[in-house]
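Colleague: This is the structure I have questions about; it appears just below.
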Amino acid sequence: MKLILFVLSVSILVCMACEGGDAKDEAISGTPADSVVMRNMHSYIDSLWNRKDTTFLKKLCAGKFNRNLNGIEVAGSQREMQSHLEVYFTAFPDLRLTMEEAVVQQGKAIMLWSTEGSNTGIYGEMGATGKKIKINGMSYLYFDEAGKLYMEKVYFNELDLLQQLGYTLLPPVLE
């Protein structure tokens, strides 16, 4: 009986220790290539999004790069991605992106993320509202053999973003 209690206690302690990591301790297949991808994902968030260093695109992305937002291509090159990011960086100068969870396998990654910021600049053609936003989303990221990002498919609720900025959705005129 004492042996059973001892084994059970040790098992519980081991399980508790394993759960102690933060949300960024992602499930990885363990290959060296996937470790490179994970490092590049962290750099993508830290250097590009949080430090707003768009020159980092040249280092991180493959020559041919494509970004889709909710099924619509918004950038077909590094230069277009740089312009696309500047829209967000202008609108939300304090924007912070956080990787909540990620899974990497065979050069592909799925990342759940959240972002927060205050709208103190022009967002596209809309003036600053001064309102704070918090958005959750998901990105599918594709990396080549060298660990360079060549495609990102991003999904988030754009209506939620606009409503947090104070905009409303009007019902259609049915006449």
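Colleague: How many of the residues making up the range 105-135 are hydrophobic (A, V, I, L, M, F, W, C) and either farther than 25 Å from Cys61 by Cβ or at pLDDT below 95 (or both)?
Modeller: 4
Colleague: Separate question: Mind listing whichever residues of the range 76-108 are in contact with a Ser or Thr (Cβ under 7 Å, 6 or more places away or on another chain), of a type in the set (A, V, I, L, M) and within 19 Å of Lys132 (Cβ to Cβ)?
Modeller: Residues satisfying the conditions are Leu95, Leu97.
Colleague: A further question on this structure: In the set Ala33, Ala62, which member is part of a helix (DSSP H, G or I), at pLDDT below 95 and out of contact with any His (no Cβ under 6 Å at 6 or more places or on another chain)?
Modeller: The match here is Ala33.
Yes/no matrix, rows are residues, columns are (1) closer than 30 Å to Pro32 by Cβ; (2) surrounded by fewer than 19 Cβ atoms within 10 Å (Cβ to Cβ):
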| residue | (1), (2) |
| --- | --- |
| His84 | no, yes |
| Phe89 | no, yes |
| Lys134 | no, yes |
| Met138 | yes, yes |
| Ala146 | yes, yes |
| Glu152 | yes, no |
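Colleague: Counting only residues that are of a type in the set (Val, Ile, Thr) and farther than 12 Å from Ser139 by Cβ, which one in the range 56-103 is nearest to the chain's Cα centre (by Cα)?
Modeller: Checked the range 56-103; the qualifying residue nearest to the chain's Cα centre (by Cα) is Thr98.
Colleague: Tally the residues that are of a type outside the set (A, V, I, L, M, F, W, C), surrounded by 14 or more Cβ atoms within 10 Å (Cβ to Cβ) and over 15 Å from the mean Cα position of the chain (by Cα), restricting the search to the range 107-130.
Modeller: Summing the residues that are of a type outside the set (A, V, I, L, M, F, W, C), surrounded by 14 or more Cβ atoms within 10 Å (Cβ to Cβ) and over 15 Å from the mean Cα position of the chain (by Cα) in the range 107-130 gives 7.
The values are calculated or read from the model by the stated rules, or taken from the named source; none is laboratory data. Bear in mind the structure is a predicted one, so any value in this text is a computation, not a measurement. Methodologically, a virtual Cβ is constructed for each residue, glycine included, from the backbone with ideal geometry; neighbour enumeration extends over all protein chains shown.
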